[in-house]
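*Asks:* Structure below; questions to follow.
What follows draws every value from the coordinates through simple rules; no lab data is involved. Fair warning: this is a prediction, and the values are worked out from it, not measured in the lab. All Cβ positions, even for glycine, are placed from backbone atoms using ideal geometry, and neighbour counts span all protein chains on display.
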Amino acid sequence: MQRRLLLFTAAVLVVFACIPVFSACSRDGKLTKVRLNEVTRSVFYAPMYVAINLGYFAEEGIELEITTGQGADKVMTAVLSGEADVGFMGPEASIYVYNEGQKDFAVNFIQLTQRDGSFLVAREPDPDFTWEKVRGKSIIGGRKGGVPLMTLEYVLKKHGLIPGKDVEVLTHIQFALMAGAFTGGEGDYVTLFEPVATELELAGAGYVVASVGRDSGLIPYTAFSARKSYLEQNRELVERFTVAICRGQIWVREHSPEEIAKVIKPSFPDSNEAILTKVAARYKEIDAWAATPHFSAEAFERLQDVMELAGELTKRAPYEELVTNEFAEKALASVRKAEGR
């Protein structure tokens, strides 16, 4: 654990008529650039893509420059090194950094998802799947120390399965290469995000048999964070950023999978709307998306419970230091006033 933390530290050295009208915050017509590094591109993060594609960020005077980190460790490195203004990743990364003693650590200011967004994919269809069926098998589970792996291990333990003893959990494969490793013959099962899982199903290369998020329960899976100094120096901008995300969350909650698929399609040019609709329905079914940007203390402590159970946390981090709801509260008030709620 200590070695991984030291290495981590070293690495740092289409629009619907029913949409309410909001006035843009950029009075001179110019947009302020915000460099956002997202952990991966997934329908799991639909509220963010809705906010982008329906123009909510532009209406708030923000131009997003998006890069995809492919792993929370890489996203956090970009944030702490100044290559990104805002990181979108699992909040566990902010806990690791805080416990390392970073002075200008990352603070979480928006929770976007409230469940694990990965699905267990098998090589054959199994409508009668139970977790007991993975006993004696191998699962490609993700990066050690990441929330996807820790949540999977949490679910396995809930079902009386001890990783490394009752089931082999493979952690040596990079996040972006997990699907390719599985189709190449490695592992009996793999945990995948959407739309990759559904695309494997359509290709006959794998079949979704379980939702990790449904079985794990509520957990703050992905959040937006930025360095403490960035939040202090850009309060108005961060509030406008939060308003855009908040509007995306509300829109997703109030619209159908078909409507969601149509709006997020530009963010997934290689996926057709039928796939996106199926995926959005899956995430709606498990209540994957947080209703508001608010990040509760209970959610933060539950995340640390999972991390402790996985053996990845030696010291708990204080909620008051690593989470702020200042921007969420202001954004909610602004959106509700604009919509007359």
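*Asks:* Arranged from highest to lowest average of other beta-carbon atoms within 10 Å per residue, in what order do the peptides 237-247, 116-126 appear?
*Replies:* 237-247, 116-126
*Asks:* Still on this structure, please answer the following. Where does each of THR67, THR130, THR77, THR277 land when they are ranked from fewest to most other beta-carbon atoms within 10 angstrom?
*Replies:* THR130, THR67, THR277, THR77
*Asks:* Follow-up question, since we're still on this one. Scan around TRP289 for amide H atoms under 5 Å from its own, H built in the peptide plane at 1.01 Å from N, and keep only partners 5 or more places away or cross-chain.
*Replies:* For TRP289, whose amide H was placed from the backbone, the distant partners under 5 Å are GLN114.
*Asks:* Determine ³J(HN,Hα), in whole Hz, for all residues of segment 332-338 in sequence, where each value follows from phi through the Karplus function 6.51 cos²θ - 1.76 cosθ + 1.60 and θ = phi - 60°; x replaces Gly and Pro.
*Replies:* For segment 332-338, the Karplus-derived couplings read 4, 5, 5, 5, 5, 5, 5 Hz, x marking Gly and Pro.
*Asks:* Relative to the present Cα-Cα distance, how much length would full extension add between ARG41 and ASP128 at 0.36 nm per residue of separation?
*Replies:* 28.3 nm
*Asks:* Please give, to one decimal in nm, the separation of the simple spin-label points placed at ILE162 and ALA58, each 7 Å out from Cα toward the Cβ.
*Replies:* The modelled label-to-label distance comes out at 5.7 nm.
*Asks:* Moving on to the next point. Only Cα pairs under 8 Å and at least 6 apart count here; give the relative contact order of segment 119-216 as a rounded whole percent.
*Replies:* Reported as a whole number, the value is 47 percent.
*Asks:* A further question follows. When a footprinting reagent is the concern and you count Cβ atoms within 10 Å, what order do THR324, THR191, THR68 take, fewest first?
*Replies:* The most exposed by this proxy come first: THR68, THR324, THR191.
*Asks:* Under 19 Å Cα to Cα from LYS33, which lysines show up? Leave out anything in the same chain fewer than 8 places away.
*Replies:* LYS228
*Asks:* Please find the FRET efficiency linking GLU339 to GLU258, where r is the Cβ-Cβ separation and R0 is fixed at 30 Å, and quote it to the nearest 0.05.
*Replies:* After rounding to 0.05, the efficiency reads 0.85.
*Asks:* Dipole of segment 162-231, Cα-centred, from +1 at each Lys and Arg C-beta and -1 at each Asp and Glu C-beta, to the nearest 20 debye?
*Replies:* 520 debye
*Asks:* Provide the per-residue ³J(HN,Hα) series for segment 99-108, in order, calculated from phi with Karplus coefficients 6.51, -1.76, 1.60 and θ = phi - 60°, each as a whole number of Hz, with x at glycine and proline positions.
*Replies:* Going residue by residue, I get 5, 6, x, 4, 7, 9, 6, 8, 10, 7 Hz, with x marking Gly and Pro.
*Asks:* Starting from the amide H of VAL167, placed 1.01 Å from N in the peptide plane, find each other amide H under 5 Å away whose residue is 5 or more places distant or on another chain.
*Replies:* GLY136, ILE162
*Asks:* From the residues ALA288, LEU112, SER138, which one has its Cα farthest along the dipole of the chain in the positive direction, the dipole being from +1 and -1 charges on Cβ of Lys/Arg and Asp/Glu about the Cα centre?
*Replies:* So the residue furthest toward the plus end is LEU112.
*Asks:* Would you order LEU80, LEU192 from fewest to most other beta-carbon atoms within 10 Å of each residue's own beta-carbon?
*Replies:* Ranked by crowding around the Cβ, least crowded first: LEU80, LEU192.
*Asks:* For LEU202 and ASP104, calculate 0.36 nm times their separation in residues minus their Cα-Cα distance, and state this gained length in nm to one decimal.
*Replies:* 30.7 nm
*Asks:* Determine ³J(HN,Hα), in whole Hz, for all residues of segment 215-226 in sequence, where each value follows from phi through the Karplus function 6.51 cos²θ - 1.76 cosθ + 1.60 and θ = phi - 60°; x replaces Gly and Pro.
*Replies:* 7, 7, x, 6, 7, x, 7, 9, 8, 9, 9, 8
*Asks:* Where the centre of each part is set by its Cα atoms, how far does segment 259-294 sit from segment 95-139, in angstrom?
*Replies:* 19 Å
*Asks:* In debye, nearest 20: dipole of the chain around its Cα centre with unit charges on the Cβ of K, R (+) and D, E (-)?
*Replies:* I would put it at about 340 debye.
*Asks:* Continuing with the same structure: Taking H as built 1.01 Å from N, whose amide H comes closer than 5 Å to the amide H of GLU60, not counting residues under 5 places away?
*Replies:* CYS25
*Asks:* Could you give the length gained by full extension between GLU329 and GLU308, i.e. 0.36 nm per residue of separation minus their alpha carbon distance, to one decimal place?
*Replies:* The span from GLU329 to GLU308 would gain 4.6 nm if fully extended.
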